[in-house]
Structure formats: structure tokens, C-alpha cells
Amino acid sequence: MSRKEKTVKKKSKNQWKAWLYLTPMLILLLVFTVWPIFNTVRISFLCRWNPDLGAIVGYNYSDAMNGAKYQFGINNFINVFTTGDSFLTALGNTMLLTVLTVPISTMLALLIAVALNSIKFLKKFFQTVFFLPYVTNAIAIGMVFAAMFGMVWPNLARPPVSVGIINTIIEAFGGKYINWVDSGSSYWANIAVLVIYIVWNALPFKILVLLGGLQNVDKQYYDAAKVDGASRWRTFWRVTVPLLSPMIAYVVITGFIGGFKEYTSIVGIFGDSMGPYGAPGKLNTMVGFIYDSIDNNQGKASAAALILFAIIFVVTMINMYVSKKKVHY
Amino acid sequence: MKDNRKSYVGLRLTAGILLGTAGACAVVVGMLGFGLFALGTWLSLILVCIGVLALALAVWSLLLLAKIEDKLFATGATGEISRRERAQKTLVKAVLYLFLSVLALAMIFPFYWMLISSVKTVEEYNLATPTLWPHEFRWSTYLAAFTGSLNLGRLFLNTVIVGVVSTLLSLVVTVLSAYAFARLEFKGKNMLFAALLATMMIPGELFTITNYITVSRFGWLHTFTVLIVPFLVSVFYIYLLRQNFMQIPNELYLAAKVDGASDLKYLWKVMIPLASPTLISITILKMMGSWNSYIWPRLVANDDLHRLVTVGLRGADFRDTLTQLPDFPLQMAAVVLVTVPLLLVFILFRKYIMRGVSRSGIKG
């Protein structure tokens, strides 16, 4: 028997065995991954006229089980935009947070990675410290940030009992305390706290990736730059950044994807009312919008999820296109 | 001569950095001390003075000493360049360490604040000027976190049950499919694997909506099953383990075959021990995933018997029953109890966590 025949025979013998090994995975995948892809698209186009409400409502599974008949239509997508301005609020908040946090955290992570790469003494210590936020619970530490920025303010008619540690530091430097997260706080104060928290949370992963990239950079390039008499600043922009560009592109793309799915950071700081006390939903995000209607209007939730998917897809494509032009592989 | 110079430069650098850091700290504490933190004006003033002095000393040791040193060691024309270069280098180093120290402080501060707030009394926490170090340690807050309405013990138990069972089942499913993809031959293998990888690009929210309907129809709401089963398959873990399995030489497999070992025996005796680092990575990431999961558990199992720890933590009402004031120390104690296991796991298994993380970009 030739070698080829042998492998063919072995192949056919192993066929059923391989599928047997794959069975548990395939069943679970079919039920919880493949079916949802089709079904979510399907129900996003299902809606019906509800005479009690006098409006077109999206698919609801318990109504469907009780015999409600749904028709094909794009009303769910229209409803997402037209019922109140909550989706536009969520879209605006999400975009603002993404546009602010991705550049800040990427730049900061790049600086930290470069700094870490050029020291020896205490390097391991700093690396560990900068990785700490990664292994924490986003909700739990969000509550710590809320406590740091928050005030103890039992009676709104009177000044707060305690303005909190961050405000105390601000006052120590001669500033005036700011209502960051409490009842009646301004939108920009809320956004500032969220940006600080999200950047704090996003740094470890970015530093890890960028530092890994830096450690693989050939020292020759720096020697060449030194021979040419290039300044540090010039070396950074002309040597380090281009050589790191694949890693930078990677952290920017994952940063954008994560930014558009931002949800738990806001829950951590403001609770699931998604806003300071007395203004629920003020800081809602797109993912939050989806979960708001998941209970009673799965059609609308699906439509919003598809819109989110489309936005993430388009932004990722733009990122890929830009990085194809700028990245030096 | 050269060694001598090196140790001298090192000494000067270390002294400069230490002095600089201490000085900066003293200045900050001193300035904060004015009217705050109850340090007293005179003490604050003295601290600021000491700080400024230390800073000046640091600058002196870093810059001026560079000149003296160059006079001592540099010779002739090259001395001019190397002196400037070295002074610049020292300055850059100092700036780097200052930059890293300030940011590292910002990274650690939330953990510090969480820890010291958890042991303060409510009265001390609510003082008009917060104390940086508690006057009085009240450890009983931690006991209250377990016994009070938060019922942290039950939350821990639920989370551990879900974490352990889902990790074990997930490992079985992952090992079997990774083995099939790495070692066995079957029609459409590459296509199936590519399709699996493609599902990783779709945001989870798309699945959640239909999965919510599915588990409601199955009657799984408010059970442990609903927290375990839908997330048993992780394409990323299968990918990770398959890569690891593929590195194991095929000769071992053939040798095992000659010895008459079955596929399963080979998998159990050879593959799994060899791939144990990856398996440990998967175990840790999966356990941390259960510990940190919030969105799905809140949606499908937010009842007293099945609530997971993160959901319970966020949903709890940390208000003093008498005064209706928020009880921040109690809240922080609960946060500490949720955070410490994670930090312990990180310290013990740092290597394994970093391995998984650098390749995924996803949390948990």
C-alpha cells in the first residue's frame, strides 16, 4: 500500500470521529450564535399595528407566542430614530466618548510605552502598576471613581457636607469645587469623569500591545538615526511611530470598536439609570439603548443592534483604509 | 576607570531621582496641608520648604554634578560633546521617571482610595476635608458587607458555582473541538474554521437579543443554566488552543498510535499536559469573565438565588437605614472584597493572563 492510500484510508476512518468531537461545540454554536444572526435580522424587520397604542410596534416574542401576527416592514428602523430623541442622545454620547477617549488613551499609552522601553531601573514595577486596571471589575472600580468625584450631599438646599477627595485637591490648589457626578451636575462634567475613567481603564491593554511592539523594533534604526544626528523628537516621529504603526493601528481599531460598545463604564459610575440622580438616560449609549428595549420590543432592539453593527463596520473599514495608506508593514 | 565612572553616574542618578521624588511629594503634601488634611499651617510650611530644598538638591545633583563629573573624567575635544550629551541624557531620564511616577500614582490612587475608605467610619468619611489616612480603623464594615442586605456571601457562592461549572464544561468543549481542528482530518475543516473565526467580528449585542428570546422559550430564566450554557463556546479559546495543539509534533501522535493508544488516551496523556499553559490561561480568563459579567446576568437571572456578584454590587442600596445617608465605607468594603480576588489571581498568574490578553483585546 502506498503512503498516499494509507492517508486516504486514515482520513475516511477519522471523518466520523472528528464530527463526534465537534458535536457539542456545533450544537451550542448553532443555537446561540448562528441562529441569532439570522433571527435578529429577521425580527428587526417584523412589526405590527397595535390598536391599543395607536402606533406601529416592533416584534415582541411573548405577543408573538400569544398569536400576534407581524408583517415585514422597515418601521423598526424608523421607530429607532423617531420615538423621542433617546437614540440620537445615545448616538451622540457614544460618538463623543469614542472620539475623545481613543486619541487620548492611544497617545498616552504610546508615551508610557516609549518611556517604559527606555528605562531599566524599576521597569518591571512600573509595568505591573500600569497593568493593574486591566484585571479589575469595570463596575466595581467605576463605583470607586464615583466615590472619588462624588460629594456627600444629603440636603440639596444646603451646601454639601463633603465635596469628595478630587474636589478637595482642586480646592487645595485654589480652585472651586465642581459638581462632577451628583444631582444637577453638568453634561461636560459628567463627560470629563467618564473620559478619565475610560482612559484609565483602556491604558493597560494599549500599553501592553505597544510595548510588545517596541521591544521587537530593531535597534539598528535608532543607531542610524543617532549617526544622522536626529533629535529625540524627530527620532520619535520619524522612526518609532512608523515602525510601531501596525500596533498603533491595531489599538486604534480595537479602541474604536470598544468605544462604540461602551456601556459598563457608565453603569459603574452612574448606575443603570445611565445618568446622574434626577436625569436618567442623559448619558445613555447605543448599547444601553439596545438593552432598554430588549424586554418588550425586541424588533426595535434588533434594529438598533444592526445600526450599531453597521456603524462599527463602517468605522472599522475606514480605519483599515486609512491604516493601509499610512501603516508601514 | 570606566567602571568607576559608571557607578558614580548611577549613584548620582539614583540620588537625584530619589531626592526629586521625595521633594515633589513633600511640596504636594505641604500645599495640600494648608487648611486641609488637618496638618497645621506650620507643619505644612516646613514641609513645603523641605520639599523645595530637596527639589533644588535634586536638580543640582542631576545637572551641576554632570559638569563636575565631566571635568573629572572627560578629556580634550570629545569632552565637549559627551558632556552636553550626558547632561541631556540625565535630564531626559529624570523627566521620564517623573512622568512615569506621576502616572503610576494616578493608576494606583483609586485602589488606595478604595482601601482606606473601606476602613473609615462613616463619620470620618463624611468629614468636610477627607483624611488621607484613617484616624480610626473600623474592620467591622467588612463583616457588615457579608451580613447586611448586600448578602455578599450568597453572591460569592453563586458566582463561584457558575464560574467553576462553566469553566469545566467550556474546557471540555474547547479541548474536543481544538483537537479535531488541530489533529483530525475531515471534509470542510478549513472552511468551518474560517466561518468560526468570522463570527468573532459580530458584536455580542446582536446575539444577546435572540438568545434572550431563546432562553425565555426554554424556560431557563432565573436558573444557573442560563448563566452557563449560552457562553460555553468561545471561538477565541478554540483558536488559542488549536494553535497550541498544532505545535505539538505529529511524530508523538504516530508513536502513540503504534503503541496502540486510542485518540482519547493520547489527548488526555500527551496533548493536555503539553498544552497546560494555554489551558490555565483559558481557565483564568473564563473565571474572571464570570466574576466580571454584568449585562447578561442582570438581564436573565437577577433574583436572590442566582444573582452574580457584579450585578449584586451595582444593584445594592448602600444607604444607612437610619440617616438615609449614603454609606460609602460599606460600599467601598464591598468593592474591595470584589476586587481583591482579581488582584490575587493577577499576582499569582500574571504570566498566563498576559499571554491571553496580548492576543485578544477582549476583556474576560
Residues of the stretch A:115-143 being among the aromatic types (Phe, Trp, Tyr), within 17 Å of residue B:100 (Cβ to Cβ) and touching a helix residue (DSSP H, G or I) at 6+ places or on another chain (Cβ under 8 Å), in sequence order, are A:121, A:126, A:130, A:131
Residues of the stretch A:297-325 being touching a residue at least 12 places away in the same chain (Cβ under 8 Å) and either within 15 Å of the chain's Cα centre (by Cα) or assigned by TED's automatic domain parsing to the domain that holds residue A:98 (or both), in sequence order, are A:305, A:308, A:311, A:312, A:315, A:316
ask   = Quick check: anything in the stretch B:154-167 touching a residue at least 60 places away in the same chain (Cβ under 8 Å), farther than 30 Å from residue B:330 by Cβ and among the basic types (Lys, Arg)?
value = no
Given (1) within 14 Å of chain A (Cβ to nearest Cβ); (2) exposed (fewer than 13 other Cβ atoms within 10 Å of the Cβ); (3) closer than 30 Å to residue B:148 by Cα; (4) not hydroxyl-bearing (Ser, Thr, Tyr), residue B:305 misses just (1)
Here the qualifying pairs (Cβ atoms under 9 Å; residues six or more apart or on different chains; first in the stretch A:170-194 and over 20 Å from residue B:128 (Cβ atoms); second part of a loop (DSSP other than H, G, I, E, B) and among the polar types (S, T, N, Q)) come out as A:186/A:179; A:189/A:179; A:193/A:185
Just one listed residue, out of A:139, A:170, is touching a Lys or Arg at 6+ places or on another chain (Cβ under 9 Å), within 10 Å of chain B (Cβ to nearest Cβ) and either surrounded by 22 or more Cβ atoms within 10 Å (Cβ to Cβ) or assigned to a helix (DSSP H, G or I) (or both), and it is A:139
The residue from A:267, A:239, A:251 that alone is over 14 Å from the mean Cα position of the chain (by Cα) and assigned to a helix (DSSP H, G or I) is A:239
Out of all the residues in the stretch B:126-135, is one or more small (Gly, Ala, Ser), in contact with a Ser or Thr (Cβ under 9 Å, 6 or more places away or on another chain), part of a loop (DSSP other than H, G, I, E, B) and facing chain A (nearest Cβ under 8 Å)? yes
Among residues of the stretch A:146-162 being at the interface with another protein chain (Cβ under 8 Å from one of its Cβ atoms) and in contact (Cβ under 8 Å) with a residue 12 or more places away in the chain, the residue farthest from residue A:267 (Cα to Cα) is A:152
- Can we say residue B:174 is under 28 Å from the mean Cα position of the chain (by Cα), among the hydroxyl-bearing types (Ser, Thr, Tyr) and more than 7 Å from chain A (Cβ to nearest Cβ)? yes
Being within 14 Å of another protein chain (Cβ to nearest Cβ), without any contact (Cβ under 8 Å) to a residue 40 or more places away in the chain and in a helix (DSSP H, G or I) narrows A:94, A:128, A:106 down to just A:128
Notebook entry, point to check: Looking at residue A:119, is it in a loop (DSSP other than H, G, I, E, B), surrounded by fewer than 16 Cβ atoms within 10 Å (Cβ to Cβ) and β-branched (Val, Ile, Thr)?
Noted result: yes
Residues of the stretch A:49-105 being among the hydrophobic types (A, V, I, L, M, F, W, C), over 23 Å from residue A:286 (Cα atoms) and touching a Leu at 6+ places or on another chain (Cβ under 9 Å), in sequence order, are A:64, A:72
Every listed condition ((1) outside the structural domain of residue A:200 (by TED's automatic domain parsing); (2) part of a helix (DSSP H, G or I); (3) of a type in the set (A, V, I, L, M, F, W, C)) holds for residue A:68 save (2)
From the option list B:268, B:291, B:220, single residue qualifying as assigned to a helix (DSSP H, G or I), of a type in the set (Phe, Trp, Tyr) and within 24 Å of residue B:156 (Cβ to Cβ) is B:291
Within the stretch B:205-263, residues hydroxyl-bearing (Ser, Thr, Tyr) and surrounded by fewer than 22 Cβ atoms within 10 Å (Cβ to Cβ) come out as B:214, B:216, B:223, B:225, B:234, B:239, B:253, B:262
Exception for residue A:308 within (1) surrounded by fewer than 22 Cβ atoms within 10 Å (Cβ to Cβ); (2) more than 29 Å from residue A:212 (Cβ to Cβ) falls at (1)
For the stretch A:212-231, the count of residues that are assigned to a helix (DSSP H, G or I) and surrounded by 10 or more Cβ atoms within 10 Å (Cβ to Cβ) equals 10
Residue A:153 - would you say it is among the aromatic types (Phe, Trp, Tyr) and out of contact with any helix residue (DSSP H, G or I) (no Cβ under 6 Å at 6 or more places or on another chain)? yes
Of those in the stretch B:171-193 that are part of a helix (DSSP H, G or I) and in contact with a Lys or Arg (Cβ under 6 Å, 6 or more places away or on another chain), the residue surrounded by the most Cβ atoms within 10 Å (Cβ to Cβ) is B:178
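The values are calculated or read from the model by the stated rules, or taken from the named source; none is laboratory data. Owing to the predicted nature of the structure, the values given are computational and were not obtained by experimental measurement. For neighbour counting, all protein chains shown are included, and Cβ atoms are generated from backbone atoms with ideal geometry for every residue, glycine included.
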